[in-house]
Amino acid sequence: RKPITLQRLLDMHAAGDKIAMLTCYDAAFAHLLDTAGVDALLIGDSLGNVLQGQETTVPVRLEEMVYHTRCVARARRHAWIVADLPFGTYHTSPQDAWHSAMQLAQAGAHMVKLEGGGWTTETVRFLTERGIPVCAHLGLTPQTVTALSGFKVQGRDEQGAAQLKAHARELVQAGAQMLVLEMVPAALAGELTRSLGIPVIGIGAGAECSGQVLVLHDMLDVTPGRRPRFVRNFMQGASSIQDAVGQYVADVKSGAFPAPEHTY
Ligand code: KIV
Ligand code: NA
């Protein structure tokens, strides 16, 4: 297998070949996931919840994202590496966002991800024009979960759906080359996947997306507490972690995951 490039991801989207993505925060799992055929590794700021035990992703710091990105980048062989810009590191100006994104790029990220639409458009243009690929993240945006009054499906009513579509189109025009859609109705995610021209990676966004992402610890069932509806426990019926991750890749590729019970 050759290292995955941005062009390869765009080609996979165009061909309807599903993209399997998982979060990853360290070298051991980067090696395991890469070997199992995961196409893209996301150093998600979900590490605030999963590794640090925080209530939200808001307290996650850029230096922490840089550290985990370095750990993953050292072990990866094939997968595309996406790293989250944490809360507050891209909000004040495109210039500030550049300094934050550059640190992630220097740590080994191929692409940075940022949450929100509208106010982020100018920043996405600034970064992409200067050579840092950007993944946008719309729908449920965990960094602003307090302002959203909790984890709930986004874009359900006509007005919300229209706004989400407008934001997505603007972000693509500004140069975004991937979009994560979290907790949105499957029909809306399908429509965007068919119309935007870039890979749309869903988490709680139905099976019609170009690919899927889950938090690693959620799909391995090591996250304490209740699992969100869109998560499947891939350890069920698996003989090892390698086996569970292999099943995830196979089920994303075949379209077996997500099933209707994981979808809104
Ligand atoms: O931080 C994260 O894990 C994410 C994914 C859930 C998309 O942003
Ligand atoms: Na995130």
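Values quoted throughout were computed directly from the atomic coordinates according to the rules given, and no laboratory measurement underlies them. Remember, predicted model here, so these are calculated numbers, not experimental data. Heads up, the Cβs are rebuilt from the backbone with ideal geometry, glycines too, and the neighbour counts pull from every protein chain shown.
Before moving on, here are some points about what is shown:
- Arranged from fewest to most other beta-carbon atoms within 10 Å of their beta carbon, 98, 119 become 119, 98.
- For the chain, the convex hull spanned by the alpha carbon atoms encloses 115 Å³ per residue.
- Charge sum, other residues only, whose C-beta stays under 10 Å from residue 33's C-beta, Lys/Arg counted +1 and Asp/Glu -1: -1
- Total formal charge among the other residues, if their Cβ is under 14 angstrom from that of residue 100, Lys/Arg +1 and Asp/Glu -1: -3
- Under 5 Å, built H, 5+ apart or other chain: amide partners of residue 137: 114, 116, 180
- Nonlocal amide H pairs with residue 19, under 5 Å, H built at 1.01 Å: 211, 212
- With neighbour counts taken as other beta-carbon atoms within 10 Å, the residues 221, 39 rank, fewest first, as 221, 39.
- The separation of region 101-132 from region 29-52, counted between C-alpha centres, amounts to 19 Å.
- Relative contact order of the chain, pairs being alpha-carbon contacts under 8 Å that are 6 or more residues apart, as %: 18
- Panel order for 10, 148, by other beta carbons found within 10 Å of each beta carbon, from fewest to most: 148, 10.
- Centre-to-centre, using Cα atoms only, region 55-79 and region 198-244 are separated by 19 Å.
- Neighbour net charge for residue 124 - beta-carbon separation under 15 angstrom, K R +1, D E -1: -2
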